[in-house]
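Data block below; observations after.
The values are calculated or read from the model by the stated rules, or taken from the named source; none is laboratory data. These figures come from a predicted structure and were not determined experimentally. Cβ placement follows ideal geometry from the backbone for every residue including glycine, while neighbour counts extend to all protein chains displayed. Note: accessible area is taken over every heavy atom of the protein model, side chains too, but ligands, DNA and RNA are not part of it. Shrake-Rupley method; radii C 1.70, N 1.55, O 1.52, S 1.80 Å.
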Amino acid sequence: MANDLFNSFMTGPDDKGRFGDFGGRFVSETLMPLILSLEEEYEKAKDDPEFWEEMNYLWQHYVGRPSPLYYAEGMTKRLGGAKIYLKRDELNHTGAHKVNNVLGQILLARRMGKTRIIAETGAGQHGVATATVCAKFGLKCVVYMGAHDVARQKPNVFRMKLLGAEVIAVESGRGTLKDAMNDALRDWVTNVHDTFYCIGTAAGPHPYPAMVRDFQSIIGKEVRWQLAEQEGEGRLPDTVIAAIGGGSNAIGLFHPFLDDKEVNIIGVEAGGKGVNDDMEHCASLTGGRPGVLHGNRTFLLQDDDGQILDGYSISAGLDYPGIGPEHSWLHQIGRAEYVSITDKEALEAFQFSCESEGIIPALEPCHALAHVMKIAGDLPKDHIIVMNMCGRGDKDIFTVARHLGVDLSGLEGRDSD
Ligand SMILES: *Cc1c(COP(=O)(O)O)cnc(C)c1O
């Protein structure tokens, strides 16, 4: 595979934070010193065994890592082809992979002497993970959330408040995720003396995409030794597959395998109601084009005038309007394949997981599973697929009920009874 930038796919980005034509640092001059000092601190922490010792301790005892690598025998038998393994990141504390990264950034914030953490959130899951770790360390937590999202994500807003966070409803623009990102960046510039900006996906200005990827790479690193343990020394997956919002759980699974050319890599975007001109989807790679947002250059959902669009998916966690720059690069050079899955297909995968394995999945990884369901049957029985089950489905049962035509009205919000 032609790659004249790096000797290895795993050494990116370059010193300007670029993955080929993507990534970089598109920020105002006032933000530049903050970004540079963050980069310097991260480079120091990355090489400090004490930093990783603390991470590993908390990953194990607070998050519950390593998450199991589970041979999904029921799925495998029903699909009748490839052998399917699920990486069970839905079993982490807070129910998804997001805490892997939040923990890393907050340990870094503590090293930098910061006492106030800000974050932006769309569906609220990154906000909840950030509020959780802030509560643990007694840090002040402020979460920016579009006013529109605050109204439609009440349970997560309540969770964040229980955890002691302040939730600021952003009224500007359309009151969604990208408006919340702008306000978080503004807050950071104003309060830099005590504030750390915790980004929830593998996007943002350099060094965030690389830093978030490094923290999430624990997923793929565990898969390497766990699969060897179950399938024999040196056995790698034939295919790894994950759902993509901004792309953090996916790059965390993919990155440790980028240099193993025999491993197929597949990212699955949210196709919503279908990837067409109406833009009722969130497939930035399959249905968008390059532009600049959130401090980096990458594939984005935009209209003909370059206006960023909000996108749509049944799964709120996938409706990031762009995709992390490393994915745009892997797409461009052909190292990874990107496909999309519709709401309808994801719902079918949801039911399949419940029935075949007794696992109620989040709607996000259902997109990856739906693609597994498309390809597994045609693959030989000795082909190993590892899919990241990146979140659990408790949060999604009301959405699923609505789409299946089941009336749970009156119970909404009582999902823990
Ligand atoms: C947030 C979220 C996603 C999307 O984020 P990525 O950065 O693409 O991983 C996917 N699945 C779940 C369960 C999430 O909470």
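Listing for the model above:
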{"read-out": "Pick from segment 353-404, criterion out of contact with any Cys (no Cβ under 9 Å at 6 or more places or on another chain) and acidic (Asp, Glu), ranking: farthest from Ser340 (Cα to Cα)", "value": "Asp382"}
{"read-out": "Candidates Thr195, Thr201, filtered to the one that is open to solvent by 10 Å² or more (accessible area, probe 1.4 Å) and hydroxyl-bearing (Ser, Thr, Tyr)", "value": "Thr201"}
{"read-out": "Residue satisfying all of: in segment 286-333; modelled with pLDDT under 90 and under 18 Å from Gly23 (Cβ atoms); farthest from the ligand (Cβ to nearest atom) among these", "value": "Ile308"}
{"read-out": "Residues located in segment 349-385, provided they are touching a Leu at 6+ places or on another chain (Cβ under 9 Å), of a type in the set (Val, Ile, Thr) and within 16 Å of the ligand (Cβ to nearest atom)", "value": "Ile359, Val372"}
{"read-out": "Residue in segment 11-19 that is of a type in the set (Val, Ile, Thr) and either open to solvent by less than 50 Å² (accessible area, probe 1.4 Å) or farther than 20 Å from Val263 by Cβ (or both) present", "value": "no"}
{"read-out": "Filter result for Ala346 (over 28 Å from Pro207 (Cβ atoms) and within 16 Å of the ligand (Cβ to nearest atom))", "value": "yes"}
{"read-out": "Leading residue by the ranking (nearest to the ligand (Cβ to nearest atom)) among those in segment 249-285 that are touching a residue at least 40 places away in the same chain (Cβ under 8 Å) and in a loop (DSSP other than H, G, I, E, B)", "value": "Ala283"}
{"read-out": "Residue that is nearest to the ligand (Cβ to nearest atom) [pool: residues in segment 133-146 that are open to solvent by 10 Å² or more (accessible area, probe 1.4 Å) and in contact with a Ser or Thr (Cβ under 8 Å, 6 or more places away or on another chain)]", "value": "Tyr144"}
{"read-out": "Residue list for segment 31-68, filter: at pLDDT below 95 and loosely packed, with under 12 Cβ neighbours inside 10 Å", "value": "Pro33"}
{"read-out": "Tally of residues being within 14 Å of the ligand (Cβ to nearest atom), in contact with a helix residue (DSSP H, G or I) (Cβ under 6 Å, 6 or more places away or on another chain), outside any loop (DSSP other than H, G, I, E, B) and not β-branched (Val, Ile, Thr) across segment 195-248", "value": "9"}
{"read-out": "Qualifying residue in segment 400-416 (condition: touching an Asp or Glu at 6+ places or on another chain (Cβ under 7 Å), away from the ligand (no atom under 14 Å from the Cβ), more than 23 Å from Glu280 (Cβ to Cβ) and not assigned by the TED database to the domain that holds Gly267)", "value": "yes"}
{"read-out": "Filter result (closer than 25 Å to Gly274 by Cβ and charged (D, E, K, R)) within segment 339-395", "value": "Asp343, Lys344, Glu345, Glu348, Glu364, Lys374, Asp378, Lys395"}
{"read-out": "Some residue of segment 300-311 being farther than 25 Å from Phe398 by Cβ, part of a strand (DSSP E or B) and open to solvent by 10 Å² or more (accessible area, probe 1.4 Å)", "value": "yes"}
{"read-out": "Subset of segment 147-167 [among the hydrophobic types (A, V, I, L, M, F, W, C) and open to solvent by 50 Å² or more (accessible area, probe 1.4 Å)]", "value": "Ala151, Phe158, Leu162, Leu163"}
{"read-out": "Top-ranked residue in segment 325-372 [being part of a loop (DSSP other than H, G, I, E, B) and touching a helix residue (DSSP H, G or I) at 6+ places or on another chain (Cβ under 9 Å); ranked as most open to solvent (accessible area, probe 1.4 Å)]", "value": "Ile360"}
